[in-house]
Amino acid sequence: MTPQELKTYLEKLVAKQVMLSTMLWGPPGVGKSALVAQVAAGAGIGCIDVRLSQLAPTDLRGLPVPDGKVSRWLPPEFLPTQGTGILFLDELNMAPPVMQGIAQQLILDRKVGSYAVPDGWLVWAAGNRKEDRASVFDMPAPLANRFLHLSVEPDLDSFKAYALERNLSDRLIAFLAFRPTLLHKLDPLQPAWPSPRSWEMASQLLKAELDIAAAVGEGAATEFWAFEKVYASLPSLEKILEGDGARIGFPSEPSARYAVAIGLTARAPLGENVGERAYNALSWLVSKASPEWLGLFCTDLFRLLRARGQMGALAELARRDPKLWQAVQEHLKLFAS
């Protein structure tokens with residue numbers, strides 16, 4: 001599954017109250033933990049992220065305390081006791097077998113020691129695969145057989161939607177659109193390598209005017225800085241968004257075209273006149289660009305405006321100019337074919 005497809009699947013599990021234990025598989029850095037947090041936030045329920053690989057058996061089972069002639073287990077304070085939510089057991093197969101055995105009780109029986117998972121809480125887990133060269137242990141067959149198993153792979157469209165919605169650097173997004181193979185490129189011989197998680201870290205470094213090699217590695221960083229020279233030579237995107245782009249031509253170099261399309265997408269929703277800025281960008285691309293570039297822009301822009309509840313502002317302006325909207329639709333049909 002792509003991250004977006006996985007998110008949709010998980011959202012349905014929550015909405016339909018399917019209380020089956022669910023295991024998410026995928027390479028490190030693909031965003032499994034972030035997806036679970038997003039699903040919980042979108043549903044308005046709690047989310048407790050427990051990193052099993054960092055716990056000792058007593059951290060999950062609790063501590064034995066005397067109670068007359070018997071001992072009782074005092075459960076840890078981080079486990080839920082009321083309400084609804086997702087109890088997320090992350091890094092499940094990185095935990096040693098003894099920890100997996102205790103987690104198995106929590107997953108199979110929804111209880112461990114004297115603690116019981118409240119009825120309104122789903123139990124989900126996540127782990128890396130052996131081929132990712134992560135330090136993982138085999139999952140016991142009885143435990144694996146009690147899970148739904150969902151696999152997620154890196155996907156540029158899903159990352160673009162996530163990155164645009166969260167205002168990550170449009171320079172990084174444009175670069176990855178141009179070099180999609182660098183979205184996730186595991187290098188077990190290097191401590192820093194590109195992944196959706198590390199590109200999000202790189203966006204923070206860029207905003208702080210720091211080198212991104214510490215997040216994504218020297219190779220990816222070197223390619224990005226070469227792309228930056230292209231980005232610096234772009235025409236003024238603000239002039240286009242302000243409706244003053246009649247004399248500005250669409251670039252001929254592919255990397256610059258990606259940069260323009262993504263840059264306009266990221267910057268159109270900024271400021272007060274969102275509909276007008278998006279409308280101006282659409283008008284300019286219809287007159288200057290071929291169908292594939294307008295299609296790329298519209299796909300990303302419409303998804304972003306819908307996520308932010310701003311699509312109405314553009315639709316209102318588009319209704320005033322039916323010729324433009326007809327041209328957009330014709331371009332999109334050509335792009336789809």
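List of remarks:
- Here the label points at Ala37 and Ala226, each 7 Å from Cα along the C-beta direction, are separated by 3.4 nm in the simple model.
- Cα→Cβ-extended label distance, 7 Å offset, between Arg51 and Arg129, nm: 2.4 nm
- Surface share of carbon and sulfur [accessible, 1.4 angstrom probe, percent] for region 196-298: 50 percent
- Helix 196-207 vs. the chain, principal-axis angle (Cα, 0 to 90°, nearest 10): 60 degrees
- Of Asp187, Asp321, Asp157, the residue with the greatest mean-square motion in the GNM of the chain, using alpha carbon springs below 10 Å, is Asp321.
- Rg over Rh for region 140-182 works out to 1.29, using Cα positions for both radii and the Kirkwood form for Rh.
- Cα-based helix-to-principal-axis angle, 32-43 vs the chain, degrees rounded to 10: 80 degrees
- Over region 6-92, the ratio between the Cα radius of gyration and 2.2 N^0.38 Å evaluates to 1.31.
- Accessible-area ranking of Phe224, Phe302, Phe78, largest first, probe 1.4 Å: Phe78, Phe302, Phe224
- The chain: antiparallel DSSP beta bridges as a percent of all, rounded to 5: 25 percent
- Straight-distance crosslink candidates among lysines, where the alpha carbon sits under 18 Å from Lys229 and sequence neighbours closer than 8 are dropped: Lys207
- Among the protein heavy atoms, those of Thr299 account for about 70 Å² of accessible surface (1.4 Å probe, every chain in place).
- Candidate residues Asp155, Asp119, Asp211: accessible-area rank, largest first, probe 1.4 Å: Asp119, Asp211, Asp155
- Inverse of mean 1/r across different Cα pairs in region 167-234, Kirkwood, Å: 11.8 Å
- Of the GluC sites (Glu not before Pro) found in region 253-337, those that fall in a DSSP loop while having at most 13 other beta-carbon atoms within 10 Å are Glu272.
- Debye intensity ratio in log₁₀ form over the Cα atoms of region 78-197, taken at each q of 0.12, 0.15 Å⁻¹: -0.64, -0.87
- With Rh defined as the Kirkwood radius, the inverse of the mean 1/r over Cα pairs, the Rg/Rh of the chain is 1.07.
- Comparing Ser71, Ser21, Ser236 in a Gaussian network model of the chain where C-alpha atoms under 10 Å apart are linked, the largest mean-square fluctuation is found at Ser71.
- Value of D in µm² per second that Stokes-Einstein yields for region 196-337, Kirkwood Rh from Cα pairs, at 25 °C (0.890 mPa s): 151 µm²/s
- GNM top mover of Ile212, Ile173, Ile45 - the chain, alpha-carbon springs below 10 Å: Ile45
- Sorting 304-310, 214-220 by their mean Cβ neighbour count within 10 Å, with the most densely packed peptide first, gives 214-220, 304-310.
- Volume of the Cα convex hull of region 214-277, divided per residue and given in Å³: 97 Å³
- Compared with the dominant principal axis of the Cα atoms in the chain, helix 274-288 is inclined by about 60°.
- Here the accessible area is traced with a 1.4 Å probe on the protein chains. For region 55-148, carbon and sulfur cover 54 percent of it.
- Heavy-atom accessible area per residue - the chain, 1.4 Å, Å²: 50 Å²
- In this simple spin-label approximation, Asp109 and Glu238 carry label points 7 Å from Cα along the Cα→Cβ vector, and these lie 6.5 nm apart.
The values are calculated or read from the model by the stated rules, or taken from the named source; none is laboratory data. Fair warning: this is a prediction, and the values are worked out from it, not measured in the lab. Here Cβ is always computed from backbone atoms with ideal geometry, including for glycine, and neighbour counts include all displayed protein chains. Accessible surface is based on the protein model in full, side chains and every heavy atom, while ligands, DNA and RNA are left aside. Shrake-Rupley method; radii C 1.70, N 1.55, O 1.52, S 1.80 Å.
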